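Before any comments, here is the structure.
Read-outs throughout are calculated quantities, based only on the coordinates presented, and are distinct from any laboratory measurement. For clarity, every value in this text was computed on a predicted model and none was experimentally measured. FYI the Cβ positions are ideal-geometry reconstructions off the backbone, even for glycines, and counts take in every protein chain you see.
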């Protein structure tokens, strides 16, 4: 297996590690040769992993390319979420107290390099913390609250901040680490049962309208669930439930991801899963994933600068997208090179990368609803009146914000549309997805895969009706092939310590 270290300044790498190539983030992101490599492990030592920086995109695109990467995007986000850090690290409480029992100060900093510490007395603690938060270099701050030690914060350590007197240890740790063929991981949680539905009552365009939410609740109750609609304010209560169903528009740098990740860490069944949110919410990742799988998409460029020559291959007009845009927001059409240059410059203030895509005018977009690798429905969404997208958020008439639709049985839909959608979702997982496809001259092109697709009463449910809601809830409850016991409300209340006595 080829091993690659990604470092902001490769010339600063002073360690002698046989068989490891050291490159910059820019090279990994822009050199197509790395995109085509297989059987690769990437060790991302970028100085900054903040959302939408190049360090973040190294891990994101590594996953899209099928490269094994440390840290993963999930690990990066976990480290930044303090409540999640505390929740997960509480599992190590006994080890923390034992390891730090001789420390007399009120604070202790533990530096972890490739899962090890320079002092052998902290070896076990360093190894277990590394399992939970997989990053090459970690700095864990412990604080004594007067009664016991607690994890106060965890952050990654840029290579440039490693003290010089640690380098000799670091080299030994690195040699040991890179010789491994397997890397320790924390064990995944298990799945049980009890349903929270996450919504945002203030959201202008939620993925499910009130009619659909009521139908989901009714289906879940019939299947023996206690159902409670929750909001982001209920973050601390996630552990009260056994399953989480997200019906709020998801994003990575957002509370929906943090709640999904916390729910997963607490052992809940989750839809949308954090993995699906990570993979679907960013168009840079999706473009790389689809391209490597040879699934047709409109001609696409990933831009790191506002050079108008970049768009010559696409022609004008062309479409610009922020990586985490949704519901046609953060997506614009530019008519010429000058407008391209201005708009890309504006977008690069928000994200280090911007998507530029060939403009494909069509009267409608296909939407294929997929659950567990099976097609639920196929729908045509027509463009909003006088607009090039299915949503026209600038329209002054509410009736013209969205275009019309028609829905059909999957068996009556074009075979190539259905097959293309299933090929795309298999790259993501086995959850609930909506695949947007354009059909031009009989050829299909995937625009995007949505992890949190619209399920609206009176639209997507017009084919299957109540059966649609039942299938989705059943999938959530039976996730990972764990059959959910059908308990009566009285039995369930007793079995979980009266949890369902929470006011409905």
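Each of 70, 415, 42 was scored by other Cβ atoms within 10 Å of its Cβ. Arranged with the fewest first, they read 415, 70, 42. Please work out the C-alpha center-to-center distance from segment 70-106 to segment 34-55 and express it in whole Å. Segment 70-106 and segment 34-55 have Cα centres separated by 24 Å.
Modelled this way, with points 7 Å down the Cα-to-C-beta line, the labels at residue 231 and residue 107 are 3.6 nm from one another.
Ordering 366, 13 from the fewest to the most neighbouring beta carbons within 10 Å gives 13, 366. Shown for 180, 139, 102: other C-beta atoms within 10 Å of each C-beta, ranked fewest to most, produce the order 102, 180, 139. Quick one: work out the % antiparallel among DSSP beta bridges in the chain, nearest 5. Of all bridge pairs located within the chain, approximately 70 percent are antiparallel.
Spatially, segment 404-470 and segment 357-383 are offset by 5 Å when compared through their Cα centroids. Note on residue 176 and residue 16: the extension gain reaches 56.4 nm, defined as 0.36 nm multiplied by sequence separation minus the Cα-Cα distance. Computed over Cα pairs, the Kirkwood radius of the chain leads via Stokes-Einstein (0.890 mPa s, 25 °C) to a diffusion coefficient of 100 µm² per second. The Cα center of segment 15-30 and the Cα center of segment 261-281 differ in position by 31 Å.
For segment 299-358, dividing the convex hull volume of the Cα atoms by the residue count gives 67 Å³ per residue.
Computed over the chain, the per-residue total of -39500 (n - 2.57) for DSSP H runs of n ≥ 4 gives a 222 nm mean residue ellipticity of -8500 deg cm²/dmol, rounded to 500. What the Cα convex hull of segment 364-450 gives, in volume per residue, is 95 Å³.
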